[in-house]
Amino acid sequence: MNYGIVLEGGAMRGLFSAGVIDVLMENEIKFNTAVGVSAGAAFGCNYKSRQIGRVIRYNTRFAKDKRYCSVGSLIKTGDIFGARFCYDTIPNELDVFDKQTYDNDPMSFFVVCTDAETGEPVYTPLPKADELCFRWIRASASMPLVSRPVSIGGRRFLDGGISDSIPIDFIKRIGCEKNVVVLTQPRDFSKEKSSTLPLMKLSLRKYPKIYEALKHRHIIYNRSRDRVFEEERFGNAFIICPEEKLPIGRIEHDPEVMKKVYEIGRKAAESSLEELKTFLNI
């Protein structure tokens, strides 16, 4: 049987997921396939490179570095998370990403992006940790309003969470019968229509399909959550999520807050570990 893991996004809420996957790696829990969305892609790639602790390490190290995340970066480059610093300088120089381990690890790793012209999700396998791989990851995590669309192969892409925040149906289509789903919101969460839509409409006037997708995102997102819980009732999904709303925003510069959310993720995984092993037939 093929087992998969789905990693939801949520910007810095993704540090919860980082805590979860570190515990899973420490316990040698492996999957056939992983699918990451937005922060789930940016942080989840470390599962395939087997780098325990790397996500919390570089996030806390560069939390207050203006090159990493700042309004200044947004004004100068159009990206609140500095593209060159985050996806080139850090992985290649400052906290080196283990490309060899990533390339050799047998787990398939997919990211979800949203096509800026169509507003539809695009699911891309990333077998090699090359420059194109990091470009796809950047695209998956490029949030509207605070990021530029990322050009790849003559097309432009934005955050995968716009079109498919929790790709449970996708991972089932590609052959994973049972799946662990890491959510960054508690079980009782329900997304509401975004209050920033008027600003989105102005900002995304060149990409009307993206705006249309964002208008309906709360509906699609809540349906995806319903699907995940349905899969759980059928015994085909194992959900790990915070018990209550995480004490962190989409942007965070306090390393102590980051560590707190990461530890919440670790504790959630540790408390679920024996039940998870049963689910995975380990």
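The values are calculated or read from the model by the stated rules, or taken from the named source; none is laboratory data. Note that the coordinates shown come from a computational prediction; the quantities given were computed from them, not determined experimentally. Cβ coordinates were reconstructed from backbone atoms using ideal geometry, including for glycine residues, and neighbour counts include every protein chain displayed. Just so you know, the surface numbers come from the protein's heavy atoms only, side chains and all, with ligands and any DNA or RNA stripped out. Shrake-Rupley method; radii C 1.70, N 1.55, O 1.52, S 1.80 Å.
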(request) Mind checking the per residue accessible area of the stretch 76-199 for me, 1.4 Å probe, whole number of Å²? (result) 45 Å²
(request) With θ set to phi - 60°, apply the Karplus curve 6.51 cos²θ - 1.76 cosθ + 1.60 along the stretch 203-211 and write out the HN-Hα couplings as whole Hz, x wherever there is a Gly or Pro. (result) 5, 9, 4, 7, 10, x, 5, 5, 4
(request) Sum up the charges of everything whose Cβ sits under 11 Å from the Cβ of ILE90, counting Lys and Arg as +1 and Asp and Glu as -1, but leave ILE90 out. (result) +1
(message) Quick check on the chain: what does the Kirkwood estimate of hydrodynamic radius come out to from the alpha carbon pairs, in Å?
(response) 18.7 Å
(request) Work out, step by step, the length gained on full extension between LEU132 and THR77: first 0.36 nm times the residue separation, then minus their alpha carbon distance; give nm to one decimal. (result) 17.8 nm
(request) May I ask you to give the average projected area over all directions of the convex hull of the Cα atoms of the stretch 227-275, in nm² rounded to one decimal? (result) 4.3 nm²
(request) Sort the stretch 69-128 into rounded, prolate or oblate with this rule: let a ≥ b ≥ c be the square roots of the eigenvalues of the Cα gyration tensor; rounded if a/c is under 1.5, and if a/c is not under 1.5, prolate when a/b is larger than b/c, oblate otherwise. (result) oblate
(message) Set the bar at 18 Å for Cα to Cα. Now go through LYS128/LYS178; LYS245/LYS267; LYS64/LYS99; LYS99/LYS128 and name every pair that lies beyond it.
(response) LYS128/LYS178; LYS64/LYS99
(request) For the stretch 140-157, take each phi angle, set θ = phi - 60°, evaluate the Karplus expression 6.51 cos²θ - 1.76 cosθ + 1.60, and give the result in whole Hz per residue in order, putting x for glycine and proline. (result) 4, 9, 8, 6, x, 6, 10, 8, 7, x, 9, 8, 9, x, x, 10, 10, 9
(message) Just to verify a number: FRET efficiency for LEU94 and ILE152, C-beta to C-beta distance, R0 = 25 Å, to 0.05?
(response) 0.55
(message) Give me the percent of accessible area attributable to carbon and sulfur for the chain, probe 1.4 angstrom.
(response) 50 percent
(message) I need the calculated FRET efficiency for the pair PHE189 and HIS216, taking r as the beta carbon distance and R₀ as 25 Å, to the nearest 0.05.
(response) 0.90
(message) Bin width 10 Å, origin at 0, all Cα-Cα pairs of the stretch 1-116: what percent of pairs per bin?
(response) 13, 45, 33, 9, 1
